[in-house]
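Beneath this line is the structure, given in structure tokens, with notes to follow.
Just so it is clear, none of the values below were taken in a lab; they were calculated from the coordinates. Treat the numbers as computed from the prediction; the structure is a model and nothing was measured. Cβ coordinates were reconstructed from backbone atoms using ideal geometry, including for glycine residues, and neighbour counts include every protein chain displayed.
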Amino acid sequence: FYLTPPQVNSILKANEYSFKVPEFDGKNVSSVLGFDSNQLPANAPIEDRRSAATCLQTRGMLLGVFDGHAGCACAQAVSERLFYYIAVSLLPHETLLEIENAVESGRALLPILQWHKHPNDYFSKEASKLYFNSLRTYWQELIDLNSGETTDVKEALINAFKRLDNDISLEAQVGDPNSFLNYLVLRVAFSGATACVAHVDGVDLHIANTGDSRAMLGVQEEDGSWSAVNLSYDHNAQNEHEVKRVKMEHPKSEEKSLVKQDRLLGLLMPFRAFGDVKFKWSIELQKRVVESGPDQLNDNEYTKFIPPNYHTPPYLTAEPEVIHHKLRPQDKFLVLATDGLWETMHRQDVARIVGEYLTGVHHQQPIAVGGYKVTLGQMHGLLTERRARISSVFEDQNAATHLIRHAVGNNEFGTVDHERLSKMLSLPEELARMYRDDITIIVVQFNSHVIGAYQNEE
Amino acid sequence: AAAMFLRLLSDVRWRAANPKWRRMTCSRRSTSSTAEPHPVSLPAQAQVVICGGGIMGTSVAYHLSKMGWKDIVLLEQGRLAAGTTRFCAGIVSTARHVSIELKMADYSNKLYQQLEQETGVKTGYVKTGSISLAQTQDRLISLKRIASSLNVMGIPCEIITPKQVAQLHPLINIHDLVGAMYVPEDALVSSANVSLALATAASRNGVQIHERTSVSHVLVQKGRVTGVETDRGQIQCQYFVNCAGQWAYELGHSGEEPVNIPLHACEHFYLLTHPLKEPLASNLPTIVDPDGRIYIRNWQGGILSGGFEKNPKPLFTEGRNQLEIHNLQEDWDHFEPLLSALLRRMPDLEALQIMQLVNCPESFTPDMRCIMGESPTVRGYFVLAGMNSAGISYGGGAGKYLAEWMVNGYPSENVWPLDLKRFGTLQSSRTFLRHRVMEVMPLMCDLKVPRWDFQTGRQLRTSPLYDRLDAQGARWMEKHGFERVKYFVPPGKDLLDLDQSKTFYKPDWFDIVGSEVKCCKEAVCVIDMSSFTKFEISSTGDQALESLQYLFSNDLDVPVGHVVHTGMLNEKGGYENDCSIARLSKRSFFMISPTDQQVHCWAWLKNLLPNDSNVTMEDVTWKYTALNLIGPRAVDVLSELSYAPMTPEHFPSLFCKEMSVGYANGIRVMSITHTGEPGFMLYIPIEYALHVYNEVMNMGQKYGIRNAGYYALRSLRIEKFFAFWGQDLDAFTTPMECGREFQVKLEKGMEFVGQEALLEQKQNGVYKRFTMFILEDHDTDRDLWPWWGEPIFRNGRYVGKTTSSAYSYTLERHVCLGFVHHFDEKTGEQLVVTTDFINQGEYEIDIAGQRFQAKAKLYPFSSLFTHRRRKDEVELSSYQGE
């Protein structure tokens, strides 16, 4: 069984999406040129989600990738809701009031977000009313809390993350009279999702990360070469600070059982996540909700199962770590991606591949034999590899697709090997997850001229 | 490494062989940068100055001095054989498509073989043979066609199987081959040393050679070369020869009177390796793998392999930006496809160690043929350049022909395909050249199928009707920069299919052209023939008539309004041009010649017309749009449009009259066609072109008028045995040899060019005869189609080659035209060809190695002529009846 290059392309391109920030005669100068995104499923259905939107009542753009586990329900809910929570957190008091008044009097609501969605990125119609009500409660509280201070982006991001996770938890505890919705909120709460979200406003780039997805900045050095700067820390067992944090939050007696086999309580890979109430609620609460819940939930072994050594919940938080970065002209692009990408590729390679793709320039030094001993065969291998590197660029119109092609198809030389690509993509559903994870990528391209102009103003 | 390589390729012992010469130059060679005074100063004058010390310059010097011209100075800006010549791969290959190129290569091979013995300079000549591989059946057909040509020239050559290839060369992977052509006498040389050997011999014959002397420009007075200006002073001379290789274009443009030499350099790469573990034998055949775009020869126990990539890199478009070509960069990424092809062909070479990738610029020309001959604008200015990377193969022969040209006034062979005058200023745009050579270089390896057209440099010269015709489905070809219609694709036909009509077999336009031919025979067709060259010659007195009577063989002293078909002959009676001349008034003439005559004919007439201002000549090609109305109903269309009777009684054949057509007045209408069908030529001032065309098409509707193209025209003229200049006729063909004595008026009361030669032929007979062949057992649907250049066999013996061919829709047979010679069976000497000799033979035409029976005819089928004959044609048949 062998996929032809066009078949491979149709698989790789099925979910690709590109957005270019429109230029309004130079007035709406955005530091973002646009973005490319794409995802390649390994799970069926895919558990990753992505979101992108422009804030309409404040400045800035939001982009995020969400990696679900134990189902896709939580990732789906977070991808629909999180940006509203962030946008609302960023809104000034007057705007919040205006919105509340509009809702109160049944007037048309000011639009808050303009979504940039692939046709496959769906929103749940059934839950929209429920979600809206929770959101409204949040902004009403913000109005009541009116601190009078200008909103700090970092704080807003943290608040939004925490609030949404809290709402997910509450909705599951309260339940819903509609049995479909009732089951939905429970599935959302019992599944989990990591989130890596970028907020770009002018030269201010904030990354809020919860879990093990990653944000990486592509920087072009003066000599034209590419380097990678991490803008997030993975929240997993490999991160010493995370391990330390978790241990700090629990009594010494649990120290040994907290992290086992690089997993939280020996079960969960990410150390921070949305949902996953099994790691947040008390045992009593879990039992009560499951028992009173619908039969499907009751019959599910996973939900009934209580993690071992579960003494002092919560063990898990959705609070993000926020990194602020002032964009510089040499910062050319940002890559947000779920761990499916980072497992297969080093960030330095990611920076180079995307950088060369975006600039169309391949910093391949011309080869000279000079005094070296090179055989025809060696030279041939080297040249075909260089050629493959260039030719794969021309196949893709989307930087994210191009990255996925490399992530899945790279051979030992770091070049795309069609045979390997074909094999990896034609794996049967039940085997796919063993060889690769869901991959979701957003590549945001910055406008260096605009960023340069901002810098000069300051 | 580069310097090392130079030493490897260039055997320095040549200097010892020539002490006289060493005195002049050797002190320069060891130290390159120090500016020592030149030991020998330049002469103040010489008969010939040759610029360029590569293979071309030295070959011209060698041959000129052999032919007895001694007062020759050769100038080289750097060192002898240090340019492309030094870097080139040194393969002498006779496998060429064009027969004149084949002859040059064959001569070169024989010359180089004995050069070492003649001069004492080691040339590195090794007879290795060459094997051209075919990966496809089409390629094999192409090779078989060449093999047929080589065989009849007496050059050993055979088509062999892949297995035989493996026996001849141990390294070749033969799995993807369908066959090959083996030419056992092809050779390898050290090209620089061949050049040095030629220089040595020339020097011994008295040629002065000066290195490190560059020509800045050529001095011209009254259209003649008078001298050259160099960085070391002036030399007065009568002849200048531009052999400056890739710099020839610029040198041509450096003087006040520019000489257009359309060529352009491209980078060319080849690979050198260290020797194999078991070094390759020095007599191992050279491999040419055109489908892989590569050649591979043995080189010092290792290999040398290069090729002609699909994406060439042109260079020096904006002119010369560096003197030395040695420091061009290697580009391995660019070479990758060729390296892949090499390793596919010889997988065992994987472990072979690379020595160097050489970047050696080569110059290419717009039509893939080299450039030779005298400038049409500056007398005494000769050119030999643009070798399309076959400089070593052509060097000897090309130098010989050019030397003959200078000494005798014309070479011993027809070199029109290589003549500088086939080009005009229009091929000299840098942009045109850059684009065209990027197409030409890959073509070196591409399959040459009949009737392919260049894709670049198009739509330069067009008729005012171009858009109208294009919108009606016209498919175009190009001649001398002019777009001409091949045929019209009827609406609804699949265009993609038709554009891929590249085949050695029946083409897919077959039925389309068939219906155009049918319409020409039964109704009326319009063909735009605006590309033809048109001159007006007039004088205040009778000088025009007198001059033309001298220049043309037919009698031009005809009543005003008559048209005369006549040859413009050279001293040997050969056709320099074949044209129609209308006498517009007592003192003015309108002359129509083939499209590619524009430069040649102009130069010829300029040289021979009296220099006084009484005779004026004007090129009016651009002023007139020419429409040919062909067919029995043409007369009806035209008379309805002009309200004038056009029947033969009122408007006899070969008549010319200015009249109105539609609203437009002053249209020159001539009752001639170029196909033998009834019809008219309309010469329309261009601003009326669209109007007249529209009128003709509207009026013609009821007579079933339609557009037709040149393919229909060709079929019609060939089935009627009409010869065309440039295809069938050349400077070595006389009217007597092609049944056209009726167009020669030996007794017209005055002398004309070529008269003596023709008289002599009339008395003693001719040595070749233009003959028409009807293919008998040829299956149009299944067999390979003839093209031109196919060998003709009479009673099993080779007697000549075809010059053109076409399918006759009327005869439903293929018709080939060609020349029959009579070679003595024992001596090979040429004997007189009589009518009996032609008639009493069994003929076969060899198409790619397969022979088809053919019936020979010396006169056309009279049944094909539907219209009444005029006096001229009566003469034609009576002559042919003799």
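Across the range B:533-708, how many lysine pairs separated by 8 or more positions, or lying on different chains, have Cα atoms within less than 21 Å?
On the way: B:Lys534/B:Lys586; B:Lys534/B:Lys606; B:Lys534/B:Lys623; B:Lys534/B:Lys657; B:Lys572/B:Lys606; B:Lys586/B:Lys657; B:Lys606/B:Lys623; B:Lys623/B:Lys657.
Lysine pairs satisfying the spacing and distance rule in the range B:533-708 number 8.
With the charge dipole of the range B:767-881 set up from +1 on Lys and Arg Cβ and -1 on Asp and Glu Cβ about the Cα centre, the Cα lying farthest toward the positive end among the listed residues B:Val833, B:Trp788, B:Gly849 is that of B:Val833. A straight line joining the Cα centroids of the range A:82-121 and the range A:128-193 runs 14 Å.
Under 8 Å for C-alpha pairs, at least 6 residues apart: give me the relative contact order for the range B:533-708, rounded to a whole percent. Write down the numbers at each step before the final one.
Values: 316 pairs, mean separation 36.0, N = 176.
Relative contact order of the range B:533-708: 20 percent.
Annotation: Cα Rg of the range B:373-470 relative to the compact-globule expectation 2.2 N^0.38 Å equals 1.31. Here's the list of lysines a cross-link from A:Lys326 could span, going by alpha-carbon distance under 17 Å and ignoring same-chain residues fewer than 8 apart: A:Lys154.
Can you compute the label reach from B:Ser214? Point 7 Å from Cα along the Cβ direction, backbone N cut-off under 13 Å, restricted to the range B:221-253. In the range B:221-253, the label zone of B:Ser214 (backbone N under 13 Å from the point 7 Å along Cα→Cβ) covers B:230-232, B:247-248, B:250-251.
Dipole of chain A computed with +1 at Lys/Arg Cβ and -1 at Asp/Glu Cβ about the Cα centre; of A:Leu3, A:Ala127, A:Ile46, farthest Cα towards the positive end is A:Leu3. For the range B:767-881, what class follows from the C-alpha gyration tensor (a ≥ b ≥ c being the square roots of its eigenvalues): rounded when a/c is under 1.5, otherwise prolate if a/b is larger than b/c, else oblate? Oblate. With one equal scatterer per alpha carbon and no solvent term, the Debye-computed log10 I(q)/I(0) for the range A:202-307 at 0.25 1/Å reads -1.31. State the Cα centre-to-centre distance between the range B:750-768 and the range B:547-582 in whole Å. The range B:750-768 and the range B:547-582 have Cα centres separated by 15 Å.
The residue list B:Gln113, B:Leu284, A:Cys74 was ranked by how far each Cα lies along the charge dipole of the protein assembly as shown toward its positive end, using unit charges on Cβ atoms, and B:Gln113 comes out on top. Shape analysis of the range B:533-708 places it in the prolate category; the axes a ≥ b ≥ c from the Cα gyration tensor give an a/c of at least 1.5, with a/b above b/c.
Close Lys pairs in the range B:45-421, defined as Cα atoms under 21 Å apart and 8 or more places apart or on different chains, number 15. Full extension of the chain between B:Ser41 and B:Met153 yields a length gain of 35.7 nm, computed as 0.36 nm times the residue separation minus the alpha carbon distance. Label-to-label distance for B:Glu751 and A:Leu382 is 7.4 nm, based on points extended 7 Å past Cα in the beta-carbon direction. Among beta bridges identified by DSSP and lying wholly in the protein assembly as shown, the antiparallel ones come to about 90 percent.
State the Cα centre-to-centre distance between the range B:154-196 and the range B:275-320 in whole Å. Using only Cα atoms, the two centres lie 14 Å from each other. Note on the protein assembly as shown: with charges restricted to the Cβ of Lys and Arg (+1) and Asp and Glu (-1), its dipole about the Cα centre is near 3520 debye.
Taking a ≥ b ≥ c as the square roots of the eigenvalues of the Cα gyration tensor, an a/c ratio of 1.5 or more together with a/b larger than b/c marks the range B:45-421 as prolate. DSSP finds beta bridges in the range B:45-421, and of those with both partners inside it, around 70 percent are antiparallel. Counting other Cβ atoms within 10 Å of each Cβ, which chymotrypsin sites (Phe, Trp or Tyr not before Pro) in the range A:1-83 have at most 14 and sit in a DSSP loop? Sites meeting the loop and neighbour criteria: A:Phe1, A:Tyr2, A:Phe24.
Helix B:332-345 axis versus longest C-alpha principal axis of chain B: approximately 90°, rounded to the nearest ten.
What number in nm² do you get for the protein assembly as shown if you take the convex hull of its Cα atoms and divide its surface by four?
Numbers: hull surface 266.0 nm².
Projected over every direction and averaged, the Cα hull of the protein assembly as shown covers 66.5 nm².
How fast does chain B diffuse by Stokes-Einstein, in µm²/s, taking the Kirkwood radius from C-alpha pairs at 25 °C and 0.890 mPa s? Approximately 85 µm²/s, per Stokes-Einstein. The length gained on full extension between A:Glu284 and A:Asn133, counted as 0.36 nm times the residue separation minus their Cα-Cα distance, comes to 51.6 nm.
Taking a straight Cα-Cα cut-off under 16 Å and skipping sequence neighbours fewer than 8 places away in the same chain, the lysines within cross-link reach of A:Lys332 are A:Lys20. Annotation: amide H of B:Asp578 within the under-5 Å range of B:Met568, sequence separation 5 or more or interchain, hydrogens built in the peptide plane.
Just counting partner chain Cβ atoms within 10 Å, what average do the residues of peptide A:319-330 show around their Cβ?
Numbers: counts 0, 0, 0, 0, 0, 0, 0, 0, 0, 0, 0, 0.
Rounded to a whole number, the mean comes out at 0.
Projecting label points 7 angstrom from Cα along Cα→Cβ for A:Ser426 and B:Leu811 puts them 5.7 nm apart.
On a 0 to 90 degree scale, rounded to 10, what angle separates helix B:430-443 from the longest Cα axis of chain B? Approximately 80 degrees, to the nearest ten.
Helix A:128-145 and the longest principal axis of the Cα set of chain A meet at an angle near 80°. Bridging of A:Lys252 to lysines at a Cα separation below 30 Å is possible for A:Lys162, A:Lys244, A:Lys260, A:Lys278, A:Lys280, A:Lys287, A:Lys304, once same-chain residues fewer than 8 apart are set aside.
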